[in-house]
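Read the structure below first, then the notes.
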Amino acid sequence: MRAEDVLPDQQNQGQFNGVTVRKGTVGAFLANARLWLDENSSIAERTMAECDIVDALPALHALGLFDIVQVRDAALRELVAAPTARAG
């Protein structure tokens, strides 16, 4: 399966397990996770990245990302597994 099979070029979001997921959600999560884990990030950058991660968690869980991919960093793994992460 290719990316365009999941969301065609002209479509920017889709419904997955009852949750609207925007195109780019997984990529944004990866970028925010890198920033959140970077020791050189400022507190403000880490705080914003964490807020964006938490906001994306319902969509990421609806996609089943964490059923397939395991987060290696313990603190980030705890953040994405928090019970509130599944609220939609």
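For G24, which of the numbered conditions (1) on the phi < 0 side of the Ramachandran plot; (2) out of contact with any Leu (no Cβ under 6 Å at 6 or more places or on another chain) fails to hold?
(1)
Report every pair of residues separated by at least 6 positions or lying on different chains whose Cβ atoms are under 6 Å apart, first residue within the range 1-29 and touching a residue at least 40 places away in the same chain (Cβ under 8 Å), second part of a loop (DSSP other than H, G, I, E, B).
Listed pairs, sorted by first residue: V19/G88.
Among residues belonging to the range 1-53 that are hydroxyl-bearing (S, T, Y) and touching a helix residue (DSSP H, G or I) at 6+ places or on another chain (Cβ under 8 Å), point out the one that is most open to solvent (accessible area, probe 1.4 Å).
In this case the residue turns out to be T20.
The values are calculated or read from the model by the stated rules, or taken from the named source; none is laboratory data. These numbers come from a predicted model, not from an experiment. Reconstructed Cβ throughout: ideal geometry from the backbone, glycine too, with neighbour counts over all protein chains shown. For accessibility, only protein heavy atoms count, side chains too; no ligands or nucleic acids. Shrake-Rupley method; radii C 1.70, N 1.55, O 1.52, S 1.80 Å.
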